[in-house]
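Working notes, structure below.
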Amino acid sequence: MPAFSLEPEQTAWCAELRTLAAERLRPLADKGEPGRVNRPLVAELGQLGLLSRLFTSGALDLCLMRESLAYACTEAETALALQGLGAHPIHAHGTPAQRAHWLPRVTEGTAVAAFALSEPGAGSDAAALALRAVPDGEPEGPDGPRRWRLTGEKCWISNAPEADVYTVFARTTPGAGARGVTAFLVPADRPGLTGTPLEMLSPHPIGSLTFDAVPVTEDDVLGEVDRGFRVAMGTLNLFRPSVGAFAVGMAQAALDATLAHTRQRDAFGAKLMDLQAIAHQIAEMALRTDAARLMVYAAATAHDSAAPDVPKRAAMAKLLATETAQYVVDAAVQLHGARALRRGHLLEHLYREVRAPRVYEGASEVQRGIIAKQLYATAPHPAPHSTTEAP
């Protein structure tokens, strides 16, 4: 399927998702408490079958879900995405026992998952993780599982401290950088694990976690020991384009609200839409939104076809879409004036929501670094004694 075109059934599905978000998810979101996990909303996502699609569909379907939900209910979009982010490592790397225990509960919406990668000193530089997994004695017998104790902190963790299970990345080999990190599946009731909610600009739940000699064993490992960074990067390569889809959904909502407002608003003896400066601004907002959408769809299609340049495409999609959404929402606020800054207005809500995606799952600067690294890795080397100067 071309990256620039959706099939009719996909377009119809997106329209259905927008309706579901507005009619069934928006009322539950409105009843939730900002900064807290909205379990009725998560359960409804499970009842609608959307959580199960996180693990049975490809990257493009994930993007279509996130864009469509974000258009009508950002809280529902975020709840869906956080379930996927936290549980995708279980789906992709978990043992049969881990998958059997957790995935049904996650897809039903009865268990909340979280992805615990960032730390106070390791945000953008994820390979600098300091949470330690210290060996806890010798295995019990020749076939007994290895044991560790997790000690340290995680910060800026979505769904913390209310999640039921965490995918936790810890350092098992000191001084080894990205090659010494292991992913562990840690239930929230493990002794020594505590957390604190954080008050953030955006209203979704986020907090810090403290690990005080939390016990884990080889049975809790996701993937392989010392290969956890692959688990993290594989998850992010899937979800980064869909962060872009979230951003595109918000940009489209802001654009549509601005079209409606400028069509009916009188100013300076005319409708706002009839003023050339306004019309040109609207055109620019639409141009950038569509360009970002195409980049997101192309990156998702590349992921689904196992293209070799997925990290670059994923980074490009997240970068362009999140920066675009920031521009579009800001321009929409400007064209609406003071009414858009009033608490409860759609654009006031989007203005608070749109800032965080430029930071999480790799800040814009990190995405530029990934893109440049991939470009240099694949660019042909110049021939000896060649010059780049014009003749």
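Every number here is computed from the coordinates shown, using simple stated rules; none is lab data. Because the structure is predicted, anything quoted here is derived from the model rather than measured. Note: ideal-geometry Cβ built from the backbone for every residue, glycine included; neighbour counts use all protein chains shown.
Neighbour counting of Cβ atoms within 10 Å sorts the residues Thr217, Thr378, fewest neighbours leading, into Thr378, Thr217.
In the chain, taking the dipole from charged Cβ atoms about the Cα centre, the farthest positive-side position among Val42, Leu255, Ser118 is held by Leu255. Each residue, Phe268 and Ser305, gets one label point 7 Å from its Cα in the Cβ direction; the gap between the two is 4.6 nm. Between Asp30, Asp125, Asp189, the Gaussian network model of the chain with springs among Cα atoms under 10 angstrom shows the greatest mean-square fluctuation at Asp189.
Computed from Cα positions, the angle between helix 59-72 and the longest principal axis of the chain comes to roughly 50 degrees. Between helix 8-20 and the chain there is an angle of about 90 degrees, using the helix long axis and the longest principal axis of the Cα atoms.
Could you line up Arg171, Arg179, Arg352, Arg342 from fewest to most neighbouring Cβ atoms inside 10 Å?
Values: Arg171 24, Arg179 13, Arg352 16, Arg342 10.
Ordered by Cβ neighbours within 10 Å, fewest first: Arg342, Arg179, Arg352, Arg171.
Rank these for me by crowding, Phe55, Phe246, going from fewest to most other beta carbons within 10 Å. Walk me through the intermediate numbers first.
Numbers: Phe55 17, Phe246 30.
Placing the least packed residue first, the sequence is Phe55, Phe246.
Place a point 7 Å from the Cα of Glu199 along the Cα-to-Cβ direction; which residues of the range 28-63 have their backbone N under 13 Å from it? Zone members listed by number: 34-35. In a DSSP loop and with at most 14 other Cβ atoms within 10 Å, the GluC sites (Glu not before Pro) in the range 77-176 are Glu140. In terms of Cα to Cα distance under 19 Å, which aspartates and glutamates are near enough to Lys31, apart from those fewer than 8 places away along the same chain? Answer for Lys31, where 19 Å is the Cα cut-off: Glu23, Glu44, Glu75, Glu77, Glu162, Glu199, Glu348, Glu353, listed by chain and number. Starting from the Cα of Ser57, step 7 Å toward the Cβ, then list every residue of the range 247-269 with an amide N under 20 Å from that point. 247-253, by backbone N distance to the label point.
Label-to-label distance, Glu224 versus Asp290, with points set 7 angstrom from Cα along the beta-carbon direction: 4.7 nm.
Two numbers describe the Cα atoms of the range 53-141: Rg and Dmax, which are 16.4, 56 Å.
Could you calculate the FRET efficiency of Val134 with Gln47 from 1/(1 + (r/R0)^6), where r is the beta carbon distance between them and R0 is 51 Å, rounded to 0.05? Could the numbers behind the result be given before it?
Numbers: r = 42 Å, r/R0 = 0.83.
Calculated value: 0.75.
Every helix of 4 or more DSSP H residues in the chain counts as -39500 (n - 2.57), and over all residues that averages to -16500 deg cm²/dmol at 222 nm.
Projecting label points 7 angstrom from Cα along Cα→Cβ for Glu162 and Leu6 puts them 3.0 nm apart. The reciprocal of the average 1/r between distinct C-alpha atoms defines the Kirkwood hydrodynamic radius, which for the range 198-255 equals 15.2 Å.
Over the range 230-378, the hull volume per residue, using the convex hull of the C-alpha atoms, is 110 Å³.
With only Lys, Arg, Asp and Glu charged, each at its Cβ (+1 for the first two, -1 for the last two), find how big the charge dipole of the range 308-391 is about the Cα centre; round to the nearest 20 debye.
Charge dipole, the range 308-391, about its Cα centre: 340 debye, nearest 20.
Think of the range 113-225 as a dipole: +1 on every Lys or Arg Cβ, -1 on every Asp or Glu Cβ, centred on the Cα centre; then among Pro203, Val181, Val221, Val181 lies furthest on the positive end. Taking only the Cα atoms of the chain, the radius of gyration and Dmax are 22.4, 86 Å. Secondary structure note: in the chain, about 85% of the DSSP beta bridges are antiparallel.
Reported value for the range 113-225: 99 Å³ per residue, from the convex hull of its C-alpha atoms.
Treating each Cα of the range 8-108 as an identical point scatterer and summing with the Debye formula, the log10 of I(q)/I(0) at q = 0.09, 0.10, 0.18, 0.20 Å⁻¹ comes to -0.21, -0.26, -0.82, -0.98.
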